[in-house]
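The structure appears right after this line, and notes come after that.
The values are calculated or read from the model by the stated rules, or taken from the named source; none is laboratory data. Predicted model, so just to flag it, every value in this text is computed and none were measured. Neighbour counts run over all protein chains shown; Cβ positions are idealised from the backbone, glycine included.
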Amino acid sequence: MRRSTFPMIAVGVLAAQGCADTDDDGARVSRTSGFFMVRRASDPCSAAAPSACGRFVVSALNQRTTLCADGSTAPACAVTSIDLTATGLPPAQADALTASITASLDAPTVVLHGRMSTVAGHTVFVASDAWRAPTTAPVRGTFHLVSTQGSTCAYLPCASVTQERVNAPLEAESITGVDLGALSNLDARARDNALGDAASDDGLLVAGTQSFDAAGRVLRAEQVFTRVRPSVAPGLCAQALRASLDEASARLVYPSQSDAPFRALTPDAVAAMPTAEDFADAVGMTARPAVRVEPFDVFMQPLTVDASAEAPSEQLRAARFRGLERVLREHLSNLTVYRVGTVDVRVYVVGLTACGELAGVETSALER
């Protein structure tokens with residue numbers, strides 16, 4: 001794969017700048033779209049031209065200058081307003097994200113993916129995705145999107161994930177993981193969210209530099225930005241919870257001789273958590289196999305153990321399992337693990353929803 005050695009910084013024109021003298025609308029959209037750092041304008045109307053006034057300024061990541069909606073180029077472009085409708089964020093969450101945008105040049109907090117558009121003489125940034133830094137830290141290095149998208153990884157732990165330099169027509173490269181050692185002020189949940197996103201198809205936006213360790217090439221983060229997703233309120237019924245469980249368990253396997261994947265359980269209405277003797281009936285089994293009950297904490301402990309000293313790929317997997325554990329704990333009560341059968345064992349990690357349903361995830365294990 002190609003590897004660029006050109007030094008990059010966090011502001012500037014997009015890679016398609018070479019088409020700057022064309023009036024083609026499609027080309028203009030491509031040149032004014034991509035990943036942008038967004039800051040609050042310190043003086044919204046300091047410019048003489050009204051079209052240059054704006055509440056915010058945006059600058060294209062990994063570029064020296066930015067192509068503005070009016071065709072001019074500058075280190076950053078003024079934006080009158082930000083449209084977050086396409087992100088799917090509810091109004092209160094969208095307002096909170098906009099309010100969190102700071103005026104800091106050295107330690108900005110929000111990155112938007114989208115495009116600039118001119119409406120009634122004003123520039124609007126139409127965002128398709130939003131990314132936010134979990135802490136305040138200086139932004140240095142090149143911006144990459146790290147994910148499992150396009151990688152050879154089927155299930156975690158992956159030998160590698162991919163890093164793709166944003167706003168640049170370069171091939172994605174394989175790395176073994178992300179080093180968050182420089183971000184000492186990350187709390188445990190923020191760290192897990194960052195690593196978990198890096199080990200997903202959605203990805204993690206990382207500002208940093210490449211280096212090599214015993215495991216191979218890693219991306220050492222100076223700052224990270226996690227995707228802002230619509231919040232999921234507690235108290236969901238099983239069908240509404242299913243998408244969150246599928247997302248949280250994607251690419252995870254239960255380690256055994258069969259390494260089987262997890263999937264969301266088809267819900268069943270129950271009066272209470274079933275006993276071992278009643279579990280087969282509760283999930284619609286016609287046979288009466290042997291059923292063992294295991295405490296949820298005992299089941300999750302080896303999967304979520306702190307992997308800070310382990311290989312990068314193991315850190316990514318442990319973070320994803322901790323994310324799955326949080327989703328289960330936040331939405332289900334009376335969490336219990338049922339092991340059904342012998343040798344070829346069906347494993348059910350389930351609890352009760354607020355609607356009185358049995359829900360959770362299931363997998364299997366080969367036990368000899």
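Out of the range 130-146, which residues are out of contact with any Leu (no Cβ under 7 Å at 6 or more places or on another chain) and crowded, with 20+ Cβ neighbours inside 10 Å? Correct list: 133, 139, 141, 142. Considered as a group, the residues in the range 345-354 that are touching an Asp or Glu at 6+ places or on another chain (Cβ under 8 Å) and not hydrophobic (A, V, I, L, M, F, W, C) include one that is surrounded by the most Cβ atoms within 10 Å (Cβ to Cβ), and that residue is 348. Taken over the range 158-181, the criterion of being surrounded by fewer than 17 Cβ atoms within 10 Å (Cβ to Cβ) and hydrophobic (A, V, I, L, M, F, W, C) is satisfied by 159, 170.
For the range 66-95, what are the residues that are assigned to a strand (DSSP E or B), touching a Ser or Thr at 6+ places or on another chain (Cβ under 6 Å) and either outside the structural domain of residue 117 (by TED's automatic domain parsing) or not aliphatic (A, V, I, L, M) (or both)? Of everything in the range 66-95, those that are assigned to a strand (DSSP E or B), touching a Ser or Thr at 6+ places or on another chain (Cβ under 6 Å) and either outside the structural domain of residue 117 (by TED's automatic domain parsing) or not aliphatic (A, V, I, L, M) (or both) turn out to be 66, 73, 77. The one condition from (1) of a type outside the set (Asp, Glu); (2) in contact (Cβ under 8 Å) with a residue 60 or more places away in the chain; (3) surrounded by fewer than 18 Cβ atoms within 10 Å (Cβ to Cβ) that residue 86 does not meet is (2).
Looking at the range 182-198, is at least one residue at pLDDT below 90, under 22 Å from residue 96 (Cβ atoms), out of contact with any Leu (no Cβ under 6 Å at 6 or more places or on another chain) and crowded, with 19+ Cβ neighbours inside 10 Å? No, the range 182-198 has no match at all. The lone criterion from (1) out of contact with any strand residue (DSSP E or B) (no Cβ under 8 Å at 6 or more places or on another chain); (2) free of Cβ contacts under 8 Å to residues at least 12 places away in the same chain left unmet by residue 191 is number (2).
Within the range 281-312, take every residue that is assigned to a loop (DSSP other than H, G, I, E, B) and touching a residue at least 24 places away in the same chain (Cβ under 8 Å) and give me the one that is nearest to residue 190 (Cα to Cα). Among those that are assigned to a loop (DSSP other than H, G, I, E, B) and touching a residue at least 24 places away in the same chain (Cβ under 8 Å), it is 311.
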